[in-house]
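The values are calculated or read from the model by the stated rules, or taken from the named source; none is laboratory data. The model shown is predicted, which means the values in this text are computed figures rather than measured ones. Backbone-built Cβ (ideal geometry, glycine too); neighbour counts: all protein chains shown. Surface areas here come from the heavy atoms of the whole protein model, side chains and all, with no ligands, DNA or RNA. Shrake-Rupley method; radii C 1.70, N 1.55, O 1.52, S 1.80 Å.
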Amino acid sequence: MPIELRAPAVFPARDLSLRQWCADDLDDLVDAYRDPVLRRWTRLPVTNAAEGRRWLDRARRDWDDGRRYSFAVIEDHPDGARLAANVVLKRVSVDWPVPEVGYWTAAWARGRGVAPRAVTALSRWAFAEFPALERLDLLHQVDNVASCRVAQKSGYTFREVLPAQPPFPLDGHRHSLDAP
């Protein structure tokens with residue numbers, strides 16, 4: 001059954017819908033990854049249609065396996081919906097006690113509150129869908145100031161500095177959100 005989450009408009013931002021990625025998102029996904037800022041903070045490059053199809057196939061497989069839920073974040077526009085971001089709930093498993101929330105935002109949608117609204121919607125869904133969760137973590141490198149702001153705006157509290165771990169060369173921040 002398809003899942004769609006909503007993040008209502010907050011003036012001047014438009015409504016957001018969060019839904020499972022699909023094959024029709026390929027061109028928008030590849031286009032979003034043309035941004036060097038996005039590529040700097042992500043591990044899996046998408047530089048062409050073949051890599052985009054692999055990314056989408058992985059997102060579908062992970063969803064079907066129930067261990068990782070990636071949502072395309074779509075912003076409603078009068079002239080048609082646009083891909084604004086991705087949010088993901090990672091490491092959903094009894095072997096991993098605390099799932100992680102991740103995200104990226106398309107260049108055109110940054111600075112407009114898209115990421116915090118999408119992360120908040122995903123977090124609410126995660127706690128509702130998996131009632132045994134005690135908390136969610138959000139991790140980012142220490143030099144990713146924008147991600148620190150997104151974590152704070154989404155209600156995540158800074159917890160600690162984590163030592164660098166490959167493939168990330170710098171120390172990281174761990175923010176967390178306790179279950180309601």
### Query
Does Arg117 count as in contact with a strand residue (DSSP E or B) (Cβ under 9 Å, 6 or more places away or on another chain), within 14 Å of Trp104 (Cα to Cα) and not β-branched (Val, Ile, Thr)?
yes
### Summary
Being more than 18 Å from Ile3 (Cα to Cα) and among the small types (Gly, Ala, Ser) narrows Gly66, Gly80 down to just Gly80
## Note on the structure
Quick count over the range 69-87, residues being surrounded by fewer than 18 Cβ atoms within 10 Å (Cβ to Cβ) and either under 22 Å from His173 (Cα atoms) or modelled with pLDDT of 90 or more (or both), is 1
### Message
Restricting to the range 56-85, name every residue that is in contact with a helix residue (DSSP H, G or I) (Cβ under 8 Å, 6 or more places away or on another chain) and part of a strand (DSSP E or B).
### Response
Tyr69, Ser70, Phe71, Ala72, Val73, Glu75, Arg82, Leu83, Ala84, Ala85
### Task
Take the residues in the range 23-57 that are within 18 Å of Val101 (Cβ to Cβ) and not hydrophobic (A, V, I, L, M, F, W, C), then tell me which one is modelled with the highest pLDDT.
Thr42
### Query
What is the residue count in the range 115-161 for residues that are touching a Phe, Trp or Tyr at 6+ places or on another chain (Cβ under 9 Å), open to solvent by less than 30 Å² (accessible area, probe 1.4 Å) and either over 24 Å from Gln20 (Cα atoms) or assigned to a helix (DSSP H, G or I) (or both)?
14
## Note on the structure
Residue pairs within 9 Å by beta carbon, gap of at least six or interchain, first lying in the range 15-30 and within 12 Å of Gly52 (Cβ to Cβ) and charged (D, E, K, R), second part of a strand (DSSP E or B) and open to solvent by 60 Å² or more (accessible area, probe 1.4 Å), listed first then second, are Asp28/Arg82
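Tally the residues that are open to solvent by 70 Å² or more (accessible area, probe 1.4 Å) and of a type outside the set (Asp, Glu), restricting the search to the range 21-31.
1
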#### Entry: Top-ranked residue in the range 32-55 [being more than 20 Å from Trp108 (Cα to Cα) and part of a loop (DSSP other than H, G, I, E, B); ranked as most open to solvent (accessible area, probe 1.4 Å)]
Arg43
